[in-house]
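Remarks on the structure that follows.
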């Protein structure tokens, strides 16, 4: 009776959460095996694996997979490396450290849509953007970022928003670093690079694993930054898996193929999760 009561009280919430997760997944699974195009309403005939074949043989598929992996890898490297450097820079006390820390983490609270609009119109615009003014100040021709370097532009935009998250995790971790051990190493003649590689970096092993794991999960679904800035172009130069699914669903009105792509994204996310748990998650033991 003592065990049954808590479980009975939790059952409605657990059941609601279960249905909230399973029903959309079940509908996606159903639509992926039928011919369902919004421009051709009627009977949803069984399609077998045709939707999956169509999605995988799409000319945009492999470029989208490559762009997704490149986007995730680049953002993780940028945020981890610069996050550690910024955390070390603001770790020691100095006047105004609290204000600087607040400014460092504030970009993380900017909505992705606002973030993309800010960079597209205020920073990377080739006519009146801040970067264009910097280029002209040095006598160079401004770069049309969204046209000439579309994927790099998206990487910069996403990395700018996720850098504060990594920096915050690393700052928190550095607070628990043994100061006496660091001071003893300094008095024994250890240089700053030696103290970093042999004391600081091993101490940050677990936070680095956490940052990589969380960013990997969220970066698989990057969409707003691409939709607002480059629309996946020019061509498919900045199309990732998420945006490719969007094009199939809302631009081609093909719900069946889009559902097949969504299942592929689910499989890709699970493969990444297994990899992270087995390889990176060991640092969390």
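The values are calculated or read from the model by the stated rules, or taken from the named source; none is laboratory data. The structure displayed is predicted, hence computed values, not measured ones. Here Cβ is always computed from backbone atoms with ideal geometry, including for glycine, and neighbour counts include all displayed protein chains.
Overview of values
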| read-out | value |
| --- | --- |
| Unique match (being more than 27 Å from residue 122 (Cβ to Cβ), within 15 Å of the chain's Cα centre (by Cα) and free of Cβ contacts under 8 Å to residues at least 60 places away in the same chain) among 245, 241, 217 | 217 |
| Residue pairs meeting the criteria (Cβ under 9 Å; at least 6 apart or on separate chains; first touching a residue at least 12 places away in the same chain (Cβ under 8 Å), in segment 45-58; second surrounded by fewer than 17 Cβ atoms within 10 Å (Cβ to Cβ) and outside any loop (DSSP other than H, G, I, E, B)) | 56/62 |
| Qualifying residue in segment 237-253 (condition: surrounded by 17 or more Cβ atoms within 10 Å (Cβ to Cβ), under 29 Å from residue 36 (Cα atoms) and touching a strand residue (DSSP E or B) at 6+ places or on another chain (Cβ under 8 Å)) | yes |
| Unique match (being assigned to a helix (DSSP H, G or I), at pLDDT 85 or above, out of contact with any strand residue (DSSP E or B) (no Cβ under 6 Å at 6 or more places or on another chain) and surrounded by 15 or more Cβ atoms within 10 Å (Cβ to Cβ)) among 263, 199 | 263 |
| Complete set of residues in segment 121-130 that are surrounded by fewer than 17 Cβ atoms within 10 Å (Cβ to Cβ) and in contact (Cβ under 8 Å) with a residue 12 or more places away in the chain | 126, 127 |
| Output for segment 161-184, where each listed residue is assigned to a helix (DSSP H, G or I) and modelled with pLDDT under 85 | 179, 180, 181, 182, 183, 184 |
| Boolean, residue 173 is crowded, with 17+ Cβ neighbours inside 10 Å, farther than 30 Å from residue 147 by Cβ and under 24 Å from the mean Cα position of the chain (by Cα) | yes |
| Single condition residue 274 does not satisfy, out of (1) in contact with a helix residue (DSSP H, G or I) (Cβ under 9 Å, 6 or more places away or on another chain); (2) farther than 28 Å from residue 50 by Cβ; (3) part of a helix (DSSP H, G or I) | (1) |
| Hits in segment 185-196 (condition: assigned to a helix (DSSP H, G or I) and loosely packed, with under 12 Cβ neighbours inside 10 Å) | 187, 192, 193 |
| The one condition in (1) in contact with a helix residue (DSSP H, G or I) (Cβ under 6 Å, 6 or more places away or on another chain); (2) under 21 Å from residue 116 (Cα atoms) that residue 227 fails to fulfil | (1) |
